[in-house]
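Reviewing the structure listed below.
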Amino acid sequence: MRALESPAKILAAMLIGIILAGLTSPRVGGQLATAFFEGAGYAYTHVISLIVAASTFAEGINRSGLIAVIVQRLVGWPTAALAVSTIAPWALAVVSGTGIAPAVSIMEFFVPVAASMHLDPVRLGTVAALGSHFGRTMSPAAAVVAMSSKLAHVPPSHLIRQVVLPLAIGGATLLVATLLGLL
């Protein structure tokens, strides 16, 4: 029964949203079902498919052993490990379009050996998560970029050009703060 609680809550929230949308625009109430299914179809076609593809790609990188090899090479180099913990998930997120899978992949390998490298596992996980989400935000394969470009009526490349410099500056600041022990 517990497994049904979350889907039931999501369904209830969706139904409440539809009812409230109908109340705000009663003249177009008959078009609510059409608009709902057009939105759901768009989400499956352009958002959910990207998330699945990105997660599959990131999991493939993880299962290939590439991350495990990188971690093994960095065990004696804590400063380099911090830098890689920021940069690697960022790069993987740009390529894959997902922020969660690269961060989790890096954390799964780095966090267990963090103590042996004299690093705080929370700090290491934090920089991995931040780097990953910076990368996702500037990825042409990211669902958030696809949705934002659709809503703004501009190509994804236009949005990415707008965020590259601020994210690069933020990432450089994150990396410097991490290496100086400020984060």
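(1) at pLDDT 75 or above; (2) over 21 Å from Ala93 (Cα atoms); (3) open to solvent by 50 Å² or more (accessible area, probe 1.4 Å): which one isn't true of Ala40, the others all being true?
So Ala40 meets the others, but not (3).
What are the residue pairs meeting all of these: first residue in segment 155-169, first residue in contact (Cβ under 8 Å) with a residue 12 or more places away in the chain, second residue open to solvent by less than 70 Å² (accessible area, probe 1.4 Å) and of a type in the set (Val, Ile, Thr), Cβ atoms under 8 Å, and 6 or more apart or on different chains?
The qualifying pairs are Pro156/Val145; Leu159/Val145; Ile160/Val145; Val163/Thr137; Leu167/Thr137.
Condition first: of a type in the set (S, T, N, Q), surrounded by fewer than 15 Cβ atoms within 10 Å (Cβ to Cβ) and without any contact (Cβ under 8 Å) to a residue 60 or more places away in the chain. Now tell me which residues in segment 66-107 satisfy that.
Narrowing segment 66-107 to residues of a type in the set (S, T, N, Q): 72, 79, 85-86, 96, 98, 105.
The next check asks that each one be surrounded by fewer than 15 Cβ atoms within 10 Å (Cβ to Cβ); those that pass are 72, 79.
Within segment 66-107, Gln72 is the sole residue that qualifies.
Any residue at all in segment 146-168 that's among the β-branched types (Val, Ile, Thr) and open to solvent by 70 Å² or more (accessible area, probe 1.4 Å)?
Taking every residue of segment 146-168 in turn, none turns out to be among the β-branched types (Val, Ile, Thr) and open to solvent by 70 Å² or more (accessible area, probe 1.4 Å).
Name, by its number, the condition in (1) open to solvent by less than 50 Å² (accessible area, probe 1.4 Å); (2) farther than 23 Å from Gly76 by Cβ; (3) in a helix (DSSP H, G or I) that does not hold for Phe110.
It fails just one condition, (2).
Considering only segment 116-159, how many residues are more than 20 Å from Ala88 (Cβ to Cβ) and either of a type in the set (S, T, N, Q) or in a helix (DSSP H, G or I) (or both)?
So the count comes out to 14.
Would you check which residues across segment 170-183 are assigned to a helix (DSSP H, G or I) and either of a type outside the set (S, T, N, Q) or without any contact (Cβ under 8 Å) to a residue 12 or more places away in the chain (or both) and list them?
Gly170, Gly171, Ala172, Thr173, Leu174, Leu175, Val176, Ala177, Leu179
Inside segment 63-107, can you point out the residues that are within 26 Å of Val164 (Cα to Cα), assigned to a helix (DSSP H, G or I) and polar (S, T, N, Q)?
If the condition is that a residue be within 26 Å of Val164 (Cα to Cα), assigned to a helix (DSSP H, G or I) and polar (S, T, N, Q), then Thr79, Ser85, Thr86, Ser96, Ser105 are the ones that fit.
The values are calculated or read from the model by the stated rules, or taken from the named source; none is laboratory data. Source: prediction; values computed, not measured. Using ideal geometry, Cβ is built from the backbone for each residue, glycine included, and neighbour counts are taken over all protein chains shown. Note: accessible area is taken over every heavy atom of the protein model, side chains too, but ligands, DNA and RNA are not part of it. Shrake-Rupley method; radii C 1.70, N 1.55, O 1.52, S 1.80 Å.
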